[in-house]
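In what follows, a single structure is set out as C-alpha cells and then discussed.
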Amino acid sequence: MHMEGTESYSLNLGGQLLQLSEPQVMGILNVTPDSFYSGSRRQTETEIAQRVHEIVREGGTIIDVGGYSTRPGAQEVGEEEELARLRLGLSVVRREAPEAAVSVDTFRARVAEHVADEFGPVIVNDVSGGADPEMFATVARRGLPYVLTLDAAPADMMRYLSQRVDALLQLGQKDIVLDPGFGFGKSLDENYQLLGQLEALHAFGLPLLVGVSRKSMVYRLLGTTPEEALNGTTVLHTLALERGASILRVHDVGAATEVIKILRKCSSPSD
C-alpha cells in the first residue's frame, strides 16, 4: 500500500526486524487505574491476558504497555510503582504473545533500562520528548528503538524535533520514530493544525507514529465523551494514514486495522 510519505522503514528489536513498509497497529495496554479512557484500563493478570489476546486477534502487531497515566491531572506514580505495574503487564505479554513487538510507555530512563534487562528489547515510547536527561544516552547505548514525541506547539515543531533528532544521532541512536504528540501541550486548534502539517515531518526521513485514539481533539470538538469518540478517531486515522503515518497507537485495534485494509484496497483495487 503506497501512501504519501510512506517509506520502507523497519525497527530492530534485538535482531528481529519489525517492518513498517505497511502501516502497523499498536494496541494500548494500560496497566493503570486512572487512564482517561476507562475502557482501556487493565489491572489483574486475567484482564491483561484478555487484552493481549484481543490486540493480537484484531491485527495489532505492537503492544504498548503503560504503567503511568499521562492524562492531565493524573495521580503521580513513583518509579518503583511504575516498574511493578510494568513487570506485571510485560510478564503476561511475553507469555501470552511472544511474537508481538512490545513498546513501553515511559519517560524514565531507569525504567526503560530495567525493563530491557528483564524482558528483552522493547520500543521506548517517551511522551516527554526526552525530559529525563539520561533517556537519549540510555536508548542509544542499549540499542532500543525510541519514539520521540513533540511536546511543544506546532510553531516550534521543526526546531524542537531537529535538535532532539540530532542529539540522538550524535549518540549513535539507530531507530527513531517521530510522534507529533497530539494532545500533549497543545490546544484543540493546534492539534488540527498539526494534523494538517503532518507531511512536513517526512523531511526527517523517519517513520511517524500517530496517537489520536479517543483523545480530547475528537470528543471536545464533537461535544461528546471518550466513550463516544470511536467514529471521530477512525476519521482521524484515515487522514493520518493518507499523510504517511507508519504506526497507529490505538485503543480499538480492529477498527484501525479495517481502515488500513480499506485504504490498501483503494490504492490497489485489482489486488
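Bear in mind these aren't lab numbers, they're just calculated from the coordinates by the rules spelled out. Please read these numbers as outputs of a predicted model, since none were measured by experiment. Note: ideal-geometry Cβ built from the backbone for every residue, glycine included; neighbour counts use all protein chains shown.
Remarks
- A convex hull fitted around the alpha carbon atoms of region 84-149 yields 74 Å³ per residue.
- In sequence order, region 138-150 has phi-based couplings of 5, 5, 5, 5, 8, x, 9, x, 10, 9, 9, 9, 6 Hz under the Karplus curve 6.51 cos²θ - 1.76 cosθ + 1.60, θ = phi - 60°, and Gly or Pro positions carry x.
- Region 194-239: C-alpha pair distances exceeding 12 Å, %: 62
- Measuring between their Cα centroids, region 208-271 and region 88-147 lie 25 Å from each other.
- Coarse-grained scattering of the chain at q = 0.09, 0.11, 0.14 Å⁻¹, given as base-10 log I(q)/I(0) from a Debye sum over alpha-carbon atoms: -0.36, -0.56, -0.96
- Summed over all non-identical Cα pairs, the Kirkwood treatment of region 72-229 gives a radius of 16.8 Å.
- Rel. contact order, % - alpha carbon contacts under 8 angstrom, at least six apart, the chain: 22
- Note, ³J(HN,Hα) from phi for region 129-137, Karplus 6.51, -1.76, 1.60, rounded to Hz, x at Gly and Pro: x, x, 5, 6, x, 8, 5, 4, 5
- Where the alpha-carbon atoms of region 205-271 are placed on the principal axes, they occupy 39, 28, 18 Å, in descending order.
- The local environment of D179, defined by Cβ-Cβ distances under 12 Å, has a net charge of -2 under the rule Lys, Arg +1 and Asp, Glu -1.
- Stokes-Einstein D in µm²/s, Kirkwood radius over Cα pairs - region 163-211 at 20 °C with 1.002 mPa s viscosity: 179
- Stokes-Einstein D in µm²/s, Kirkwood radius over Cα pairs - region 158-248 at 10 °C with 1.306 mPa s viscosity: 114
- Farthest towards the positive end of the charge dipole of the chain, among the residues L168, V65, L241, is the Cα of L241, using unit charges on the Cβ of Lys, Arg, Asp and Glu.
- 3J(HN,Hα) from dihedral phi, region 94-110, Karplus parametrisation 6.51/-1.76/1.60, rounded to Hz, x for glycine, proline: 5, 6, 8, 9, x, 7, 6, 6, 10, 10, 10, 8, 8, 10, 9, 5, 5
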